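Structure, as structure tokens:
Just so you know, all these numbers are worked out from the coordinates, no wet-lab data involved. It should be emphasised that the depicted structure is a prediction, and the values quoted were computed from it without experimental measurement. Neighbour counts are summed over all protein chains in view; Cβ atoms, including those assigned to glycine, are modelled from backbone coordinates with ideal geometry.
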Amino acid sequence: MSETIEAPAEMTSLQAINLALHDALEADKDVFLLGEDVADREGGGVVELTKGLSGVFGEERVRSTPISEQAIIGAAIGAALAGMKPVAEIMLMNFTTVAMDMIVNHAAKLRFMSGGQTSVPLTIRMMTGAGFANGGQHSDFLEAWFAHTPGLKVVIPSNPRDAYGLMRACIEDPDPCIFVEPLGIYWVPGAAPQRGEVIPLGKARVAREGSDVSVITYGKQVNDVLAVADKLSDVSVEVIDLRTVAPFDEAAVLASVAKTGRAVIVHEAVKQFGVGAEIASRINEKLFGKLKSPVARVGGKFSPVPFSQPLESAFVPTPSEIEAAIRGTLS
Amino acid sequence: MSETIEAPAEMTSLQAINLALHDALEADKDVFLLGEDVADREGGGVVELTKGLSGVFGEERVRSTPISEQAIIGAAIGAALAGMKPVAEIMLMNFTTVAMDMIVNHAAKLRFMSGGQTSVPLTIRMMTGAGFANGGQHSDFLEAWFAHTPGLKVVIPSNPRDAYGLMRACIEDPDPCIFVEPLGIYWVPGAAPQRGEVIPLGKARVAREGSDVSVITYGKQVNDVLAVADKLSDVSVEVIDLRTVAPFDEAAVLASVAKTGRAVIVHEAVKQFGVGAEIASRINEKLFGKLKSPVARVGGKFSPVPFSQPLESAFVPTPSEIEAAIRGTLS
Amino acid sequence: MSTTESFGGDASTRPPKDVLVEIYRKMTLLKQNDERFRSIIQSGRIIGNYYSARGQEAIPSAVSCLLNQDDYVCTIYRGIHDSLAKGVPMKQLWAELAGRATGTCKGKGGPMHITHPASGVMVTTGIVGSSMPIANGLALASKMRGDGRISVAYFGDGASNIGAFHEALNLASIWKLPVVFVCQNNRYGEHTKYEYATAIDQIAKRSASYTMPGIHVDGNDPVAMYAAAKEAVDRARGGGGPTLIEAMTFRFHGHLLGDMDQYMDPGEKDGWMKKDPVPAYRRWLVAESYATEAELDAIEKQIQADVEEASSFALSSPYPDVAELRKDVFAQEIAE
Amino acid sequence: MSTTESFGGDASTRPPKDVLVEIYRKMTLLKQNDERFRSIIQSGRIIGNYYSARGQEAIPSAVSCLLNQDDYVCTIYRGIHDSLAKGVPMKQLWAELAGRATGTCKGKGGPMHITHPASGVMVTTGIVGSSMPIANGLALASKMRGDGRISVAYFGDGASNIGAFHEALNLASIWKLPVVFVCQNNRYGEHTKYEYATAIDQIAKRSASYTMPGIHVDGNDPVAMYAAAKEAVDRARGGGGPTLIEAMTFRFHGHLLGDMDQYMDPGEKDGWMKKDPVPAYRRWLVAESYATEAELDAIEKQIQADVEEASSFALSSPYPDVAELRKDVFAQEIAE
Ligand SMILES: Cc1ncc(C[n+]2csc(CCOP(=O)(O)OP(=O)(O)O)c2C)c(N)n1
Ligand SMILES: Cc1ncc(C[n+]2csc(CCOP(=O)(O)OP(=O)(O)O)c2C)c(N)n1
Ligand SMILES: [Mg+2]
Ligand SMILES: [Mg+2]
């Protein structure tokens, strides 16, 4: 993969992230990767995302680590303080729970607490998502925690091109970025990225134009929502792919909802106290009296992610729930 | 303190929590405390909250621990699985960041993941709050994280009586409870609790009746909001003290806002992606078209908690911001 | 690594014959269960990720022969063998693996979260290192109540580099908790070699940091494993506090089923598989006259029938109702 | 504990005279700074919680004499002495303690978060244990770049029981990072005695779990401390990897200023205060003819003036503007 010089017309997001890491390593010698199994000797990780990179850039710059998430993020923070641009992998998002001190008390705050003397240009990658029979401790979306932490940026791509361009943006960004990779986009092919293209953080994308209702979403759910929208011949649905969840592109959201007068927010994370609550609140604050119907939210159910397949399928936002929420805003 | 037989007419919340722990230890031999410095040999902690308890109940039941938050919560979870009712102290809320795996992946989920075979009747106490010159790593309110975690209950008292009754309720509850003790209420005297009174979880309290606008808040901010409300002779402010932040008393909130038609939510945690977003969203969903003005939110500023006194004072919701938000709903 | 012919050193430390055979019975159960589960998962009839412990049978089989039904166990995603050895009923276990309503956890936990308090299996965790702090708490409850139970925490070699290991061992030691920490050192954490990730040649030596006895043992030698576990279990039960056991072993099917083993030295796995502890132990039992071929054949046949029955039970069981999503989040069901 | 008259063992391992005097200068700076700060905080002219390190001066004073300005330090809330010894300018330090705009961190960090990259002080953390993993990263950057810098992580005895300690030491060892872990063992973590919380008699011994050299040293003996630190610093700088130093010492003013010391054995603190390392070292320097009374008087006088100047500077400096709340959250200022 990473030896590819010409990108093909299509690739998966998994390949696109590999390519982004490759190109970032090539472009800037301060960039390096660390995480469990990331080197080729360890196969480039369980999903082989980083495969081929240590072969090209060496094990000094693509470093496998012990199972020590605090030490991984700590090492990344320290190196970032010294001016390197580390990309640390926390295999699954749930494992951030053993490194929250490093992420939240340190990475997020050191710039502020030092009065701007130091900065932490760090990218933390992680995968997650229900639908893969991984059960309660391996499937959570926790982006709301990080979004609630001043000092962190939170990015969740939905397609290969964005995955590439947002990853490049995170690595270049002078601040710590949480880069969440939904398992549900990894193996989905899509238009290949333009090599070198950096997609600016904080900018949403209109994934589909429409006039009746705005659906604001991100990650895998962008594809789910687009599929529903395409099916609904009687409703014109605009789909906003946030790309950056925090800080989110309020202007783009408000512009769309001002146009349609109706909004639905969809994410896989548990609905209650999720990112959708903030987005809905801002829409309500800024467009009070201009909405044609209440802002609707569709999210993961209020339970741990269950193992059993029928339950797991019911946990995530289903196409019929998305459709019902869209129709609900019109009734 | 804990030898007190007759409670005085007034006491502080710090004393009330001590009394609640005392009475719970006395009432049920499965209750025990663990945490850094909790025993009398260690002075009952830096604020002496647990002072006197190991003297009465012994160091087996009031156990000082090493500085090992994962081990503290792990031990509490295990003991709870075995049917004990541990009360674990994580000194300051920010230190939950080193124990999030135990709290979120385990305490919160074990009942569900075991299909109801096991339960974790655990209370985790912690103090926090800006205004005490403790800076960026010792002052955060992180209740939104826990509220977003199915399986956890989150309780934040505002006064001695509630502190006592809610603590008793948490200890008796069959599920894990996060009990947050705002530093800003510790030393404020108030009506003493009735010994033995259990205040049900999930039930809000109308702290002040009013007809023009509902302010929904909890913890120290209840006192701040009441002070503002009392000052505003031209506005009739109803103040709802949530007491339990998750699951919050939606019925009480909606009843009040349905009456006043206006709502302000106030909390010390960073406003963005905070608990207020969920409350505001629910009000907007359920009372769409019935609100006289947009739901307003007042919260901590979008920054780490600063050290310098003027900055720290500006970080938290100030009386003038609270007043402005209330007046804003009326204009 | 002992050879097939020299299990357990001298005869004086061997357990009685019935225990030796019971260890074999458990090992066979674990092996056959694993084989059947792998074949069913590969056939697609059960969907899920499977962390096979094939090759590691001797460890929990020997340990469990020293445990009472009400002793506690906390184990990990690669812990189905630990659960079975402790006595989790196979039908419910299988139903859980298949995500069925009849499973130990009504299908809600799945293979990474087997729980069965009736057998003492209190937690199966998917988080590396997290079995240990919780086992401490179970042991603390036993100690405070004086109920005589002990707790076992199983974990892997990779887990010895995570913070929870350190905190848990220190706490267990200062509180002299009745707990046994059993590290199943299968030489790899996911795809990472022990030697790369771990700054000491034996995990057992890390016990010294906690003034705790540490035992390094051949985990593929059921008799030596039993002796090591007995020392630790006796200490825990006698009030002597915790022990760290490092049991050397190997997983035959990589980290996750489907694993291509590219990260292993060629021949490494073959070498271990040639010394497969289950047939080796069988040969030894017969050679040392602890059992006849016929007796062992009968055990194997019975297990085969049981595994068959369990898998059929699982596959013919219903899935849980979607309403289960609202149950067991809290003790009280969540309103719709 | 060495007596006043026998610092540092035999003369052959002693540093040159100018270094011996420089250590004294730093110790005096730390002591006077602490005394002044305590009196100002007790007068109410500065609001904040203060974790005094009075009594622990010898440790960072000796260590810092071996460090270059661009070597990195990560320390903890009780680390003002570490920062000063490393060279953080006193005026800016004081202004930070007072929360002023002229402070190292513009008043935004405060006493628990002193940072001054120009002096190599990269992180001061309020979280027990967290200096270590970050120091590793600084050391990793130096190693990857070959810039010759080393990193020092200061922490307390209580921190040796938290997970981050374990993870950091293991990683530093397998990667042979140029880092020195300096544990200032002052016998207490908050109010908890070392012996209660820690399952081993010496933290230095825990280095064995990571095949790392460990040194147990009298941290109140500046000469022995220098020798220990020199061994570790030389090893790190020479590519030999990390070292764990456990320096025995005592804090004279409890955990937090205002602490009533009820949790201490009566007489324990008095015993240590009688052996106050600063005057003891002074007597030794004079007795061994490394310095005259007059020379040391001059040093002390100069420092007194400097501390005076720094505190006045701080107290007369302006507070930061409220707009600072929107700055330094991200590189780009947040819109209003
Ligand atoms: C905290 C955490 N980090 C990473 C993982 C991903 N992970 C799952 S299993 C595993 C390897 C564990 O190795 P070891 O402890 O040796 O156990 P084994 O799988 O070999 O039995 C890893 C890294 C995890 N589950 N938890
Ligand atoms: C993770 C964490 N837990 C608890 C605390 C509260 N706390 C602050 S200082 C301290 C004692 C630390 O003791 P030690 O490491 O010996 O350092 P010392 O204060 O003695 O220098 C504790 C428990 C904290 N800051 N961080
Ligand atoms: Mg392993
Ligand atoms: Mg200490």
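For the reader, a short list of remarks on this structure follows.
- Between B:116, B:202, B:83, the Gaussian network model of chain B with springs among Cα atoms under 10 angstrom shows the greatest mean-square fluctuation at B:116.
- Whether chain B is rounded, prolate or oblate, judged on the alpha carbon gyration tensor where a/c under 1.5 counts as rounded: prolate
- Between copies, the label points of residue B:58, set 7 Å from Cα on the Cα→Cβ line, lie 6.3 nm apart, reported in increasing order to one decimal in nanometres.
- Most mobile of D:286, D:73, D:217 in a GNM of chain D (Cα contacts under 10 Å): D:286
- Debye, to nearest 20: dipole size of segment C:16-311, +1 on Lys, Arg Cβ, -1 on Asp, Glu Cβ: 700
- Closest approach of any chain D Cβ to the axis that rotates D onto C belongs to D:163, 1, distance given in whole Å.
- Scalar couplings 3J(HN,Hα) for segment D:76-81, obtained by applying the Karplus form with A = 6.51, B = -1.76, C = 1.60 to θ = phi - 60°, are 10, 2, 8, x, 4, 5 Hz; x denotes Gly and Pro.
- Label-zone membership for segment B:106-136, site residue B:28, 7 angstrom Cα→C-beta point, backbone N under 16 Å: B:119-125
- Between the alpha-carbon centres of segment D:234-304 and segment B:246-305 there is a gap of 55 Å.
- Of the three principal axes defined by the Cα atoms of the protein assembly as shown, the extents in descending order read 95, 81, 77 Å.
- Most mobile listed residue (B:215, B:98, B:87) in chain B, GNM with C-alpha springs under 10 Å: B:98
- Within segment B:164-243, the GluC sites (Glu not before Pro) that combine a DSSP coil assignment with at most 13 other C-beta atoms in a 10 angstrom radius are B:209.
- A cut-off of 5 Å between modelled amide H atoms, ignoring neighbours fewer than 5 places along the same chain, links residue A:240 with A:207, A:215, A:216, A:217.
- Think of segment A:11-191 as having a plus end and a minus end, set by charges on the Cβ of Lys, Arg, Asp and Glu; of A:98, A:115, A:81, A:115 sits farthest toward the positive end of this dipole.
- Neighbouring partner chain Cβ atoms per residue of B:312-322, average, 10 Å criterion: 1
- The dipole here belongs to segment A:11-191: it is taken about the Cα centre, uses +1 on the Cβ of Lys and Arg and -1 on the Cβ of Asp and Glu, and is about 280 debye.
- Loop-located trypsin sites (Lys or Arg not before Pro) in segment A:276-316 (DSSP state not H, G, I, E or B) with no more than 16 neighbouring Cβ atoms inside 10 Å: A:290, A:292.
- Using a Förster distance of 51 Å, the FRET efficiency for residue D:147-residue A:209 (Cβ separation, nearest 0.05): 0.45
- The distance linking segment B:43-89 with segment C:140-189 is 19 Å (Cα centroid to Cα centroid, whole angstrom).
- Per-residue ellipticity at 222 nm, computed for chain B from helices alone with -39500 (n - 2.57) per DSSP H run of at least four residues, works out to -10000 deg cm²/dmol.
- For residue D:269, a cut-off of 30 angstrom between C-alpha atoms picks up these lysines, skipping any fewer than 8 places away in its own chain: B:51, C:176, D:26, D:31, D:86, D:193, D:205, D:230, D:301.
- Shape category assigned to segment B:132-196 from the gyration tensor of Cα positions, a/c cut at 1.5: oblate
- Burial ordering of A:102, C:144, C:112, fewest other beta-carbon atoms within 10 Å first: C:144, C:112, A:102
- The calculated 222 nm mean residue ellipticity attributable to helices in chain C amounts to -13000 deg cm²/dmol, summing -39500 (n - 2.57) over DSSP H runs of n ≥ 4 and dividing by all residues.
- Starting from the label point of residue C:336 at 7 Å along Cα→Cβ, the same points in the other copies fall at 5.2 nm, in ascending order.
- Under a 5 Å amide H cut-off, with hydrogens placed 1.01 Å from N, residue B:37 pairs with B:65 among residues at least 5 apart or on other chains.
- Using only side-chain charges placed at the Cβ, +1 for Lys and Arg and -1 for Asp and Glu, the dipole size of segment A:205-329 relative to its Cα centre rounds to 260 debye.
- Only Cα pairs under 8 Å and 6+ residues apart enter the sum, and on that basis the relative contact order of segment C:72-120 stands at 34 percent.
- Mean separation of Cα pairs under 8 Å and 6 or more residues apart, divided by the residue count, gives chain B a relative contact order of 16 percent.
- Other-copy label distances relative to residue D:18, 7 angstrom Cα-Cβ extension, nm: 8.3
- Peptide A:125-134 shows a mean partner chain C-beta count of 2 within 10 Å per residue C-beta.
- Under 18 Å of direct C-alpha separation, and excluding same-chain neighbours fewer than eight residues apart, residue B:29 reaches these lysines: B:85, C:143.
- Long-range amide H partners of residue B:62 with built H, under 5 Å: B:33
- Note on segment B:179-331: Lys pairs 8 or more places apart or on different chains, Cα atoms under 24 Å apart, count 16.
- As a length-normalised measure over Cα pairs under 8 Å and 6 or more apart, the relative contact order of chain D settles at 24 percent.
- The ranking of D:272, A:187, A:145 from fewest to most other beta carbons within 10 Å of each one's beta carbon is A:187, D:272, A:145.
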